[in-house]
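Novice: Let me give you the structure first, and then I'll get to my questions.
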């Protein structure tokens, strides 16, 4: 094998090892993420874990008099807001380990909330593309 090829392979191997190490570290840190969100008036707070699953609900006294449907809607909205915070935190953790060209390709298939849209990533070859 030519010496310059051997050197190039060694460089690529080192780059891969660094990227892998960074991603594994980010994955470990992402598993510890939590996020909290409150309704606009601060009556209801929710906390979600790293997967966006509800782990705590905090109801201020002002929330106890709300109709059940309104209370439920506020809890759901706060849960979604907290889950969106988790998505942002996770993306920030992983971003330094993802090459720019990969990040650009992933950004092209995100939905209006910034989440990866699998239908855009893996389009059905028999359907018209979405715009």
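Novice: Anything in the range 67-98 that is buried (at least 16 other Cβ atoms within 10 Å of the Cβ) and assigned to a loop (DSSP other than H, G, I, E, B)? List them, or say none.
Specialist: 98
Novice: Can you name every residue in the range 55-105 that is over 16 Å from the mean Cα position of the chain (by Cα) and touching a residue at least 60 places away in the same chain (Cβ under 8 Å)?
Specialist: The one that is over 16 Å from the mean Cα position of the chain (by Cα) and touching a residue at least 60 places away in the same chain (Cβ under 8 Å): 99.
Novice: So, one more: Look at residue 52 and say whether it is within 20 Å of the chain's Cα centre (by Cα), surrounded by 11 or more Cβ atoms within 10 Å (Cβ to Cβ), at pLDDT 80 or above and part of a loop (DSSP other than H, G, I, E, B).
Specialist: For residue 52, the condition - within 20 Å of the chain's Cα centre (by Cα), surrounded by 11 or more Cβ atoms within 10 Å (Cβ to Cβ), at pLDDT 80 or above and part of a loop (DSSP other than H, G, I, E, B) - is met.
Novice: Still on this structure, please answer the following. Which members of the range 1-48 meet the condition of being more than 16 Å from residue 92 (Cα to Cα) and touching a residue at least 12 places away in the same chain (Cβ under 8 Å)?
Specialist: Within the range 1-48, 36, 37, 38, 39, 41, 42, 43, 44, 45, 46, 47, 48 qualify.
Novice: Condition first: modelled with pLDDT of 75 or more, under 14 Å from the mean Cα position of the chain (by Cα) and either farther than 27 Å from residue 24 by Cβ or in a helix (DSSP H, G or I) (or both). Can you find one or more residues in the range 113-131 that meet it?
Specialist: No: zero hits.
The values are calculated or read from the model by the stated rules, or taken from the named source; none is laboratory data. Only a predicted model underlies this, so the values are computations on that prediction, with no experimental measurement involved. FYI the Cβ positions are ideal-geometry reconstructions off the backbone, even for glycines, and counts take in every protein chain you see.
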